Amino acid sequence: MSEPSKVIHIRNVGHEIAESDLLQLLQPFGMVSKIVMLRAKNQALLQMEDLHASVSALQYYTSVQPSIRGRNVYMQFSSHQELTTDQSSHGRNSDQGSEPNRILLVTIHHMIYPITVEILHQVFKAYGFVEKIVTFQKSAGFQALIQYHSRQEAVEAFGSLHGRNIYDGCCQLDIQYSNLSELQVHYNNDRSRDFTNPSLPTEQRPRASQQGYLDPANLYAFQQAGASYAQMGRVAMIAAAFGGTLPHGVTGTNERCTLIVSNLNTDKIDEDKLFNLFSLYGNIVRIKILRNKPDHALVEMADGLQAELAVHYLKGSILFGKKLEVNYSKYPNITPAPDAHDYLNSSINRFNSNVVKNYRHCCSPTKMIHISALPQDISEEAILNHVSEHGTVLNTKLFEVNGKRQALILFKSEEEATEALVSKHASTLEGNTIRISFSQMQSI
């Protein structure tokens, strides 16, 4: 096996696979700084921004088979430690020039959200007067030509924006100098714009649906060269983890972090059990069971998107014989107090590590639980003794992934599996603190 490298070598890359497809596989682990498509060999080389990102990606894909458009692809570290400029220029567009020019050719990689002329203008105007923008679709993906008033403005934009993401985790800007001397713009619409001639016709055509567009206010704050970048949140990275789009019904725009959970079974529930359930969807800050309403609890998540996932997946779930009501609280957060359990720095918050994998595994409660971090010499009988008090076990499977013991337990109902998870996640079994999550597998 090759030594670890920032460069990842991917094989079985069919002609139907685009650069953006490969970026979608790898960008959740870090920024891809260079890419080379070796079409004749059905291969590709992608350079991550650092070694940690490439190692994280390959560690993940040793247990999950990467697949694009129904085709399995295979990854390994490249023998190259770096990709040279010459290597990474293969397959560039014919509009590209090597000399600095006032017109930039911009390719958008990993475009989860649509990009319009308005969004590009907001990003690029921070570096000078943008005269014209033309957008188009080519084999390399979504591209744009952006004409500045002066060459110096274009050089400044190139130096500041190349390799950056418009949104956090996606829509990466790949910029080259164009060899064109002047852009021809005939219409001012959502595909082209001449900012020096606002009287151009709009070419009346039905506009594409705006559904799914992100508010330009959520753009990274490209206010000036060298400015700090205001993070939009984790929307794009989570969308990538879910396969490119957020789950149906999840907007990604919620900012409320605190939830009110009601109709709890007061005889059996406590803060740790609520933590075990809600931590499936994000990191927990605090949980407080209301003393004046003991069947109600406040759960504060780390951010609004994680709170939205919890509402989406848990509303109406059955826990200890009661149907849960999960809604957004009127309180922005839970004030630290003796009766509020603090989990902010807890080592068992699931999203402290393996963030992408945890988002991939988000789902509503199922009949099957997945148990990991088991002792190497654990027996199936010992696992059953640990969890079978919570319901009827229909089937079990004990197996290894990368030398680590794991188990699948199929219960008769979602309610029984949920009770086992909330009661036994982070419990100790033969000296190990075990981890339990729901499995999306239908059978063993």
Step by step: first the residues of the range 316-359, then only those that are of a type in the set (K, R) and touching a Ser or Thr at 6+ places or on another chain (Cβ under 9 Å), then the one that is least open to solvent (accessible area, probe 1.4 Å). Which residue is that?
R350
Residue check: is P294 open to solvent by 50 Å² or more (accessible area, probe 1.4 Å), more than 22 Å from V250 (Cβ to Cβ) and without any contact (Cβ under 8 Å) to a residue 40 or more places away in the chain?
yes
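Taking the range 24-44 as the region of interest, how many residues are closer than 25 Å to N402 by Cα and among the hydrophobic types (A, V, I, L, M, F, W, C)? Steps first, please.
Residues of the range 24-44 that are closer than 25 Å to N402 by Cα, as a first pass: 24-30.
Pick out the ones that are also among the hydrophobic types (A, V, I, L, M, F, W, C) and you get 25-26, 29.
Result for the range 24-44: 3.
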Can you tell me how many residues in the range 70-105 are at pLDDT below 85 and either assigned to a strand (DSSP E or B) or among the aliphatic types (A, V, I, L, M) (or both)?
3
Name the residues in the range 122-152 that are more than 15 Å from S178 (Cα to Cα), open to solvent by 30 Å² or more (accessible area, probe 1.4 Å) and either in the same structural domain as A18 (by the TED database) or at pLDDT 90 or above (or both), would you?
K125, F129
Neighbours by Cβ (under 7 Å, 6+ apart or cross-chain): first from the range 184-196, over 14 Å from I115 (Cα atoms); second assigned to a loop (DSSP other than H, G, I, E, B) and polar (S, T, N, Q):
Y187/T202; N188/T202; D194/N188
Within the range 188-209, residues modelled with pLDDT under 85 and either among the charged types (D, E, K, R) or open to solvent by 70 Å² or more (accessible area, probe 1.4 Å) (or both) come out as D190, R191, E203, Q204, R205, P206, R207, S209
Which members of the range 271-285 meet the condition of being open to solvent by less than 10 Å² (accessible area, probe 1.4 Å), of a type in the set (A, V, I, L, M, F, W, C) and not in a helix (DSSP H, G or I)?
I284
Can you tell me which of D50, D21 is of a type in the set (D, E) and open to solvent by less than 30 Å² (accessible area, probe 1.4 Å)?
D21
Enumerate the pairs (first residue in the range 158-172 and more than 13 Å from L104 (Cα to Cα); second residue anywhere and of a type in the set (F, W, Y) and open to solvent by 30 Å² or more (accessible area, probe 1.4 Å)) with beta-carbon separation below 8 Å, excluding pairs fewer than 6 apart on the same chain, so at least 6 apart or on different chains.
R164/Y220; R164/Y229; N165/Y220; I166/Y220; Y167/Y220; D168/Y220
How many residues of the range 53-74 are open to solvent by 50 Å² or more (accessible area, probe 1.4 Å) and within 17 Å of V13 (Cβ to Cβ)? The answer is 7
Pairs with Cβ under 8 Å, 6+ apart, first in the range 417-437 and free of Cβ contacts under 8 Å to residues at least 12 places away in the same chain, second not in a helix (DSSP H, G or I)
T428/I434
Looking at the range 343-444, what strands (runs of 3 or more DSSP E) fall wholly within it and have at least 3 residues that are farther than 29 Å from F29 by Cβ?
393-401, 404-411
Report yes if some residue within the range 405-419 is of a type outside the set (D, E, K, R), open to solvent by 80 Å² or more (accessible area, probe 1.4 Å) and over 25 Å from the mean Cα position of the chain (by Cα); otherwise report no.
no
Which of the residues that make up the range 24-47 are within 18 Å of the chain's Cα centre (by Cα), open to solvent by less than 30 Å² (accessible area, probe 1.4 Å) and at negative phi?
L25, L26, Q27, P28, V32
Among the listed residues S347, S388, S372, identify the single one that is over 27 Å from Y60 (Cβ atoms), among the hydroxyl-bearing types (S, T, Y) and not assigned by the TED database to the domain that holds S63.
S388
Just to be sure, is D303 at pLDDT 95 or above and not basic (K, R)?
no
Y187 - would you say it is more than 27 Å from the chain's Cα centre (by Cα) and part of a strand (DSSP E or B)?
no
Of all residues in the range 240-264, how many are open to solvent by less than 40 Å² (accessible area, probe 1.4 Å), modelled with pLDDT under 75 and of a type in the set (V, I, T)?
0
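The values are calculated or read from the model by the stated rules, or taken from the named source; none is laboratory data. The structure displayed is predicted, hence computed values, not measured ones. Positions of Cβ are backbone-derived with ideal geometry, glycine not excepted, and every protein chain shown enters the neighbour counts. Only protein heavy atoms, including side chains, enter the accessible area calculation; ligands, DNA and RNA are left aside. Shrake-Rupley method; radii C 1.70, N 1.55, O 1.52, S 1.80 Å.
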